[in-house]
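Below: the structure, in structure tokens.
The values are calculated or read from the model by the stated rules, or taken from the named source; none is laboratory data. This structure is a prediction, so every number in the text was calculated from the model and none was measured. Positions of Cβ are generated from backbone atoms using ideal geometry, with glycine treated the same way; all protein chains shown enter the neighbour counts. Ligands, DNA and RNA are excluded from the accessible area calculation, which covers all protein heavy atoms including side chains. Shrake-Rupley method; radii C 1.70, N 1.55, O 1.52, S 1.80 Å.
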Amino acid sequence: MNANHHESSDLSRTRITLRGPAELADALPFVLGFHPTDSVVLVALHGEHGRFGGRVRLGIPRSPREWASTADHLAECLVEGGERSGTRPDGIVVFLCQDPAPGETGRRVMERLRPFAQRLRTACGALDIPVYEALCISDGLFFSYCCPDARCCPPDGTPLALSGTSVMAATAAYAGVQVRGTLRDMERRLQPTGGPGEEEQRAALDASAAAIVPRILEDAEGDGRAEVRETTLRLAREVLRRFANPTGEVGTTGQSGGQSGGSTAPRTVRGSAAGTDESDAADDALVETGEAAALILGLQDRATRDRAAEWMEGWEGTAALRLWRVLARRCVAPYQEHAAAPLTLAGWTAWSTGDEPTARVALGLALDIDPEYVFARLLHQACNEGLDPESLRSCLRSERDSRIASNEAASGTSPSVRARVARPQSGRQPLRKPGRQTGGAERRAAAGVRPGGPAASKPGSGSPRRGGQRGTRSGR
């Protein structure tokens, strides 16, 4: 069981009135950003009118023996999270979402989970917080554990509203909130597919592990470790540019392989199949098995992973998220635990670029693999508490700028050369967030490492230190 699946949503800042269990059930996927399959979700309510606050989500434990401890833990997590932000919940809404097993009905699922729902109500009550509603969602129906009125909550269940027809759906569309399919679908995009190329990928990982791991395990000052780091980052930059502008594909401007306006920053290609199996298969085709293996093994070095985290916004962030997804899918057995690094990078990049649901899913999977992976734990907590990723982005930029300035000083690079290095990046459009300091884009473009750009091959080993100590007993 992983207790780190905490969820939040920007819809909590949007005013909308939900009336009754039907509208609560319809609102859940919009609140989370996806349809929570096989999940227990607790949502905090605040104030007289029950404003949505924090929320926690966890997979429903298979064994009923775990229900009592899970209920206590979830209630404590939700309340403690609210207290840290200074808003203790005034009430809680509980959702139990599970599809029927073969031969099972939605009502049977509801009855089977009733003891769990009661235990959740008891756990919240023990913390002096009432559960205003507890719903079971199964087989396209919702059932209420709290409402005794058969007219609005019949025992055989009530059909959910048709997709896109509710007030919540209209409000979410107006606010630009998207539902990214089911949780199962989102997790599948970050896990090995089990296709015919799995054996070839496993052989490539075996070969890379034999060549790379002994060099990574050298002491921190070892030349082999530094060489692996630079080789990994150089390969990652090369592969990243394929995702930003694949050879022969038409970019967003309709030009094939070229850029206008003198900018050398590649344009991310967005097809109509984005987010589908077809687009994932196309991304997989851009990375060879040997390249994927070398990147996966190289990213097990913490400093290498932190340097890769600098690709976090604009076209770099969009392309990097696709690359980290590919690498996570290539972590075939017995290398599943190596996916913690690309999954954490995928979570960080998604959060940095504004895709919080994907970030929480990726970070949750990383913690499923390695609950002690500190970088994933810190990012997951920060994301779920609604913190602004700009603070970490600023730290990464500062580390990058300091590293490059140190390298330029050591190599004696003149100001005129630095100006020529910066000029091709002037057309880059970085992701902008509210509160971002103006006038910094030009400075960052001049100093930042760009995939395949003039500064791409400069060595350095600086790593971000934001968010506390990253090390664990596994070196992560």
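Note on ASP149: accessible area approximately 50 square angstrom, rounded to 10, probe 1.4 Å, nucleic acids and ligands left out. For THR318, the solvent-accessible surface with a 1.4 Å probe is about 40 Å², rounded to the nearest 10. A viscosity of 1.567 mPa s and a temperature of 4 °C, combined with the Kirkwood radius over C-alpha pairs in the Stokes-Einstein formula, give the range 336-385 a diffusion coefficient of 129 µm²/s. For PHE34, nonlocal amide neighbours, meaning residues 5 or more places apart or on other chains whose placed amide H falls under 5 Å from its own, are ARG180. Length gained on full extension, GLU278 to ALA405: 41.5 nm, using 0.36 nm per residue less the C-alpha separation. Distance from a point 7 Å along Cα→Cβ of SER63 to each backbone N in the range 101-133: keep the residues under 18 Å and list them by number. Answer for this model: 116.
Placing dummy labels 7 Å off each Cα toward the beta-carbon, the span from ASP156 to LEU217 is 6.4 nm.
Distance between the pseudo-spin-label points of SER85 and ALA203 (7 Å out from Cα toward the beta carbon): 5.1 nm. For the set SER352, SER398, SER144, the ranking by accessible area, highest first and with no ligand, DNA or RNA atoms included, is SER398, SER144, SER352 under a 1.4 Å probe. Between CYS146 and GLU104, the contour length at 0.36 nm per residue exceeds the Cα-Cα span by 12.8 nm. Computed over protein heavy atoms with a 1.4 angstrom probe, the accessible surface ordering of ARG202, ARG329, ARG65, ARG377, largest first, is ARG65, ARG377, ARG202, ARG329.
Under 17 Å from a label point set 7 Å out along the Cα-to-Cβ vector of TYR132, the amide N atoms of the range 62-92 belong to 79, 82, 87-92. With Cα atoms as the point set, the radius of gyration and Dmax of the range 66-125 evaluate to 13.9, 47 Å.
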